[in-house]
1. Measure nothing but the geometry: give the 0 to 90° angle between the long axis through the Cα atoms of 132-146 and the longest principal axis through the Cα atoms of the chain, rounded to 10°.
2. Which residue fluctuates most in the GNM of the chain (Cα springs below 10 Å): Ala233, Ala212, Ala60?
3. Between the helical axis of 20-30 and the dominant principal axis of the chain, each derived from Cα atoms, what acute angle in degrees is found, rounded to the nearest 10?
4. Toward the positive end of the charge dipole of the chain, about the Cα centre and with charges on Cβ (Lys, Arg +1; Asp, Glu -1), which of Tyr108, Leu15, Asn255 goes farthest?
5. What does the charge add up to near Asp29, with Lys and Arg as +1, Asp and Glu as -1, over the other residues with Cβ less than 13 Å from its Cβ?
6. Sum -39500 (n - 2.57) across every DSSP H segment of at least 4 residues in the chain, then divide by the residue count to get the 222 nm mean residue ellipticity, nearest 500.
7. Quick one: plug the Kirkwood hydrodynamic radius of the chain (C-alpha pairs) into Stokes-Einstein at 37 °C, 0.692 mPa s, and report D in µm²/s.
8. Mind checking the alpha-carbon convex hull of the range 96-146 and giving the volume per residue in Å³?
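Taken together, the values in this text are just the output of simple stated rules run on the coordinates, not laboratory data. Note that the structure is a prediction, hence the values are computed from the model and not measured. In this analysis, Cβ positions are derived from the backbone assuming ideal geometry, glycine residues included, and neighbour counts consider all displayed protein chains.
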Amino acid sequence: MNINQLISPSVPTLLNDDSGSRALELMEDNKLSQLPLIAEDNYVALIQEKEVLEWPDSEAHIANTAHAATRPAILSGAHPFEAKISTILIDNKAPWRRKIGGQIEMNYRRAPFFDEVYPLVENVLACQADYLSQLNVAATRAVCSFLEIPTELVTDISKFAALELELSQSESNLNMLYRRLQHIEDDKTIRILEICKKEGAGVYINPIGGQALYQKPIFTQNGIDLFFIQSQAEAYPQRSHQFVGSLSIIDVLMNCGKSGTQHLLTQYQLI
């Protein structure tokens with residue numbers, strides 16, 4: 001389903017030139033608490049009633065307010081889940097850095113390692129990035145540097161363009177090799193095998209959830225040892241009464257600090 005199919009014709013849309021009061025009026029008339037914001041052929045964001053009510057000037061144009069701070073603009077003819085992360089733009093006109101930084105500070109200022117970790121958060125938020133992928137890379141590199149993780153991070157995938165082209169061609173030599181001779185039908189498996197071979201990797205380690213996707217015998221017959229990493233990290237102290245797992249690295253760092261997080265990273269086994 002495309003974006004233009006997701007937005008019903010009966011639902012009014014907002015433009016950047018509309019004011020906050022106009023948005024509230026439309027919401028009231030249509031008994032809605034949010035309306036889509038459209039710019040040319042792009043769906044930009046959902047403008048929510050509670051956000052508009054917090055604006056200091058309800059007559060201000062939407063374009064001049066902090067709307068859609070980190071939400072992507074997606075072409076109207078595209079499926080929202082088809083947007084590649086490398087194409088998602090950040091709205092740098094909106095003060096999302098200050099907003100997110102303030103939320104993190106409010107939630108963690110009483111954490112035991114706040115003073116040690118918050119400068120890291122500030123440095124990441126200060127990173128100049130036009131795309132969400134660039135910000136993600138900067139954040140990952142910053143955390144790795146902070147935790148003294150020496151692993152080389154490679155973000156240039158241009159050398160694999162030919163691989164993607166071959167995967168898209170059913171009669172290519174690559175597909176003949178894997179699909180007909182080895183009876184591998186999954187593009188993901190073929191892609192990983194080829195990347196490992198091009199990088200000279202004899203071992204591939206995947207998150208534990210990949211057990212449902214990848215088969216060790218297939219990797220073995222291609223000269224690659226496949227392992228799945230299973231975390232064994234124990235619960236760490238939090239301000240909540242009951243431990244809540246699987247939160248962000250920010251939560252771990254704020255509550256465990258640098259050395260505590262480094263210890264947790266050693267708690268795993270390869271299956």
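1. 60
2. Ala212
3. Helix 20-30 and the main axis of the chain meet at about 80 degrees.
4. After comparing all options, I get Asn255.
5. It works out to a net charge of -1.
6. Numbers: 10 runs with 102 residues, N = 271.
Computed mean residue ellipticity for the chain: -11000 deg cm²/dmol.
7. 144
8. Numbers: hull volume 3.6 nm³, N = 51.
Convex hull volume per residue, Cα atoms: 71 Å³.
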